[in-house]
Amino acid sequence: MPSGRANWFCISKDKKDFTLDLNDSRIKKDRKAILVAKTWHKGRVLLGYAKVNEKLGYFVYKGKVLRKEDFQLLRKRKNLAWKLHKKGWKIPKNAFLAGVTRELEKLYIGRVIVKGVELAGQVCGSVCHVAKGDEVFEAQTFQILVIEEKENSHPAKCIK
């Protein structure tokens, strides 16, 4: 399966305005942008999303919502796309491999609409786990991030 040779860049609570690090005019204009993010917690990689206006990442850890001020944002490449996925279907061969658990289970990035808002979460097994407020949603139908074509050498915008 393809692994992520995409660019992730670090965001820390010590940075005054992380939009300065983004070469993405859409985010500079839209302070409510929600972007794909990852973090580490107690030695584990977690996938989720970050809200630009809050400067916070939202993740699921052991069935609970975890908010973090230190995380990484995924910079989109032109070859990344979202594809419909349902529980019971095999993970696509071209799914973007974003991490591995301690137990060596592969982790992928999923996206769902929760109460009218597109949010990213961690696909573990064939379910997408997404944090929303203080609730955890387990979606059985969602979009999964895939690699469609040869990688372009020019980084594009942060992935939404």
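The values are calculated or read from the model by the stated rules, or taken from the named source; none is laboratory data. Since the model is a prediction, treat every value here as computed from it, not as a measurement. Neighbour counts run over all protein chains shown; Cβ positions are idealised from the backbone, glycine included.
Some points to look at:
- Scanning the range 91-128 for residues that are crowded, with 16+ Cβ neighbours inside 10 Å and not in a strand (DSSP E or B) yields I91, P92, N94, F96, S126.
- Matching residues in the range 76-120 - criterion: being small (G, A, S) and touching a strand residue (DSSP E or B) at 6+ places or on another chain (Cβ under 9 Å): A81, A95, A98, G99, G110, A120
- Listed conditions (1) surrounded by 16 or more Cβ atoms within 10 Å (Cβ to Cβ); (2) outside any loop (DSSP other than H, G, I, E, B) are all met by L84, apart from (1).
- Of all the residues in the range 7-55, those that are in a loop (DSSP other than H, G, I, E, B), at pLDDT 75 or above and in contact with a Lys or Arg (Cβ under 9 Å, 6 or more places away or on another chain) number 6.
- Residue in the range 56-69 that is outside any strand (DSSP E or B), of a type outside the set (S, T, Y), surrounded by fewer than 18 Cβ atoms within 10 Å (Cβ to Cβ) and modelled with pLDDT under 90 present: no
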